[in-house]
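Student: Please read through the structure below; I'll follow up with questions.
The numbers here are math on the coordinates, done by the rules we state, and not lab data. Here the structure is a predicted model, which means the values were calculated and not measured. Methodologically, a virtual Cβ is constructed for each residue, glycine included, from the backbone with ideal geometry; neighbour enumeration extends over all protein chains shown.
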Amino acid sequence: MLPSLHRIFSARPALLNSGRLQKLCSLENLFMQKRSYAPSTERKKFYESVSISQGEGGFEINLDRRKLRTPQGKIFTVPSEPLAIAVATEWDCQRDTIKFFTMHLTTLCNTALDNPTQRNKEQLIGASLKFLETDTICYRVEEPPGLVELQTNEWDPVLKWAEGRYDVVIGSSTSIMGPVIPDETKEVFLRHLASYNSWSLLGIEFMVTQLKSLILAMALVDRFLTVQKAVKLSRLEEEYQIHRWGNVEWVHDYDLHELQARTAAGTLFVHLCSSSSNIKHKLLQD
């Protein structure tokens, strides 16, 4: 389950103004409507072994002797062997009960194969690009001084990297409306995203939505940041509150680990869908 912004910020004195929080919550609600779909309940494990095989359309996952299928009944087929190995590992790691909510790669593949919302490549690009105007690291506060300094020290290096990497102007702002992103900058990111295939774009959108930041997501894709660092930067204001006011029971730790798991899965998904390498590897050897 994604962390609830309303729950987090109602538990401690809010450092974000109400407009900023409302904008973030609106983005959260939008994602909850469009998130990759997967069974929401657990199921008793019904297979003993997991293997992969190469079919006509790519690599398939076999549970015992039965082919894995998507929620719409399609044969679960992925474009690369490394991705098939990663998905098969998710299934092999399940014990007595299949916990579908832990299988983020499987969920992303199901979404790519079934395309339940019938989106094309241009729509996937647009879904990620729209976050540029509300990017987490572009929104700055004017007080308290400690948080202002933290944002400057932690976010500015990433912003500088992005502007240099893509030769664009992005900037930051303390206004609730955020910075004014030049049309030329949007066009550069649009062309860059268009260089990815549809599967990779789905993964990028997943990452962007987790982090509320296109810039942090692209820094992960380019291996400029680690998953742990990107997640920390996406939660900078919340971590500042925790340091000042303390944890809200177990909620913050759970949300942190869940966000790291989802972000790591999205990053791996993009890398494996973008890779042209073919791993020669025998899966799940006894």
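Student: Among the GluC sites (Glu not before Pro) within segment 169-270, which fall in a DSSP loop and have no more than 16 other Cβ atoms within 10 Å of their own Cβ?
Tutor: Those satisfying the criteria are GLU249.
Student: Among the listed pairs LYS160/LYS232; LYS130/LYS186; LYS121/LYS232; LYS67/LYS121; LYS160/LYS212, which have their C-alpha atoms separated by more than 21 angstrom in this model?
Tutor: Listed pairs above 21 Å: LYS121/LYS232; LYS67/LYS121.
Student: Right, something else. Please enumerate, by chain and number, the aspartates and glutamates with C-alpha under 20 Å from the C-alpha of LYS45, excluding those fewer than 8 residues away in the same chain.
Tutor: Straight-distance partners of LYS45: GLU60, ASP64, GLU90, ASP92, ASP96, ASP286.
Student: Here is a follow-up. Give me a comma-separated list of calculated 3J(HN,Hα) values for segment 149-165, in order, Karplus coefficients 6.51, -1.76, 1.60 applied at θ = phi - 60°, integers in Hz, x for any Gly or Pro.
Tutor: Per-residue couplings from phi come out as 5, 5, 4, 4, 5, 8, 8, 4, x, 6, 5, 5, 4, 4, 5, x, 5 Hz.
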